Amino acid sequence: MSLLEVSDLHTSFFTDEGEVKAVNGVSFTLEKNKVLGIVGESGSGKSVTAYSILQILAGTGKIVSGSIKYNGQELVGAKESVMNGIRGNKISIIFQDPMTSLNPTYTIGRQLMEAILLHTDRNRQQAFDRAVEMLKLVNVNEPEKRMKQYPYEFSGGMRQRVMIAMALACEPDILIADEPTTALDVTIQAGILELMKDIQKKEGMAIIMITHDLGVVAQLCDEVIVMYAGGICERGTADDIFYHPCHEYTKGLMRSIPTAKTGGQRLQPITGTPIDLLNMPKGCPFAPRCDAAMKVCIQRPAPKKQLSDSHAAACWMNEKNTIKKAVEE
């Protein structure tokens, strides 16, 4: 049995303008000790998928249909008391911006201890000891002294380490990292990623890494989901995605990142703007931005094609290539 099973998840936000279908039929599984990457540009539904798992959506957000199972236990429709036992304790999250996630009026120690006291049966002294232990784990120097300091006294990288410590304090089975290296410089980013790899090995937990940075995916992830317009357009191993991309959107993402071979050459950005989720097209949502789009792409969404045991994509170009290959043979 998988640690986490998400099946045909649909999550919408109901606004004055209409229904925004932020997550549209997402399905995936997560195994123990594995790292799953969820990639896509802003507005693709990555974070909303994570918030749906923990059911921490904004007031206008609602899971319309689908299933989310943790260790076989259904979470969709679960009572708040059940979810309180899951959040932080079994499934934890690192939010995007540590400065806005940490309360500026409370010390780092108080915030760490609050999470531990809320989700475990430790007393205050045990919570203090655990908080110090976690700061040591994430390589924060002088942890006892740091416990008495406020978030503004920490650098961006150190605040992110505190957020990781807070997320891991209750020993969760699953860690959701939502853009954990956003706004950090390259050196600090590398340090945070190395830290997460080390902790994942030590603690043996599963990680969902949400990012728009394919470099992060290459360093950390075993399996990758590429999302666009609230749906999954491609899924495969990191090697599948990087060396054999089979969706035109994934190919566009790959062309837009610099490599040693592109030195001195212009990168090729994906043209156009993301789709309006209030007015979804009847065909492939990427068709208006796709250089290879055909008539069928505009008329009908592409079926998911299983390219190998580990690799699947929903793109009409795969059907075209299959027919072309059959004709040539």
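The values are calculated or read from the model by the stated rules, or taken from the named source; none is laboratory data. All values derive from a computational prediction rather than experimental measurement. Cβ placement follows ideal geometry from the backbone for every residue including glycine, while neighbour counts extend to all protein chains displayed.
Which is free of Cβ contacts under 8 Å to residues at least 24 places away in the same chain, out of contact with any strand residue (DSSP E or B) (no Cβ under 7 Å at 6 or more places or on another chain) and hydrophobic (A, V, I, L, M, F, W, C), of A165, A190? Spell out the reasoning first.
Values: A165 fails: free of Cβ contacts under 8 Å to residues at least 24 places away in the same chain.
After ruling out the rest, the residue left standing is A190.
Within segment 201-235, the residues that satisfy the criterion of being modelled with pLDDT of 85 or more and farther than 19 Å from S310 by Cβ are M205, I210, T211, Y228, A229, G230, G231.
Among the residues of this structure, K145 counts as one that is farther than 30 Å from F14 by Cβ and surrounded by fewer than 20 Cβ atoms within 10 Å (Cβ to Cβ).
Among the residues of segment 55-101, what is the count of those that are in contact with a Phe, Trp or Tyr (Cβ under 8 Å, 6 or more places away or on another chain), assigned to a strand (DSSP E or B) and among the aliphatic types (A, V, I, L, M)? Let's see the steps before the verdict.
Initial filter on segment 55-101 (in contact with a Phe, Trp or Tyr (Cβ under 8 Å, 6 or more places away or on another chain)): 57-58, 60-62, 86, 90-91, 101.
After this cut, where a residue has to be assigned to a strand (DSSP E or B) as well, the list is 61-62, 91.
Checking which are among the aliphatic types (A, V, I, L, M) leaves us with 91.
So the answer is 1.
Looking at this structure, is R122 part of a helix (DSSP H, G or I) and either of a type outside the set (S, T, N, Q) or touching a His at 6+ places or on another chain (Cβ under 7 Å) (or both)? Reasoning before the result, please.
Numbers: part of a helix (DSSP H, G or I): no; either of a type outside the set (S, T, N, Q) or touching a His at 6+ places or on another chain (Cβ under 7 Å) (or both): yes.
So R122 fails the test.
Can you confirm whether R235 is among the basic types (K, R) and within 20 Å of the chain's Cα centre (by Cα)? Here the answer is yes, as R235 does meet what is asked. For segment 210-237, the set of residues classified as of a type in the set (A, V, I, L, M) and part of a strand (DSSP E or B) consists of I210, V224, I225, V226, M227, I232, listed by residue number. Within segment 119-142, residues that are under 22 Å from K197 (Cβ atoms) and acidic (D, E) reach no partner that is part of a helix (DSSP H, G or I) and at pLDDT 95 or above with beta carbons closer than 7 Å at six or more positions or on different chains. Going through (1) modelled with pLDDT of 90 or more; (2) out of contact with any His (no Cβ under 8 Å at 6 or more places or on another chain); (3) surrounded by 12 or more Cβ atoms within 10 Å (Cβ to Cβ) one by one, S308 falls short only on (3). Among the numbered conditions (1) surrounded by 15 or more Cβ atoms within 10 Å (Cβ to Cβ); (2) farther than 22 Å from A165 by Cβ; (3) touching a strand residue (DSSP E or B) at 6+ places or on another chain (Cβ under 8 Å); (4) not β-branched (V, I, T), the only one that H244 does not meet is (1). Of the numbered criteria (1) at pLDDT 95 or above; (2) among the aliphatic types (A, V, I, L, M); (3) in contact with a helix residue (DSSP H, G or I) (Cβ under 6 Å, 6 or more places away or on another chain), the one V76 fails is (3).
If you check V20 against the conditions, is it at negative phi, outside any strand (DSSP E or B) and out of contact with any helix residue (DSSP H, G or I) (no Cβ under 7 Å at 6 or more places or on another chain)? No: the conditions fail for V20. Within segment 23-48, the set of residues being over 28 Å from D198 (Cβ atoms) and either in a strand (DSSP E or B) or of a type in the set (V, I, T) (or both) comprises V23, N24, G25, V26, S27, V48.
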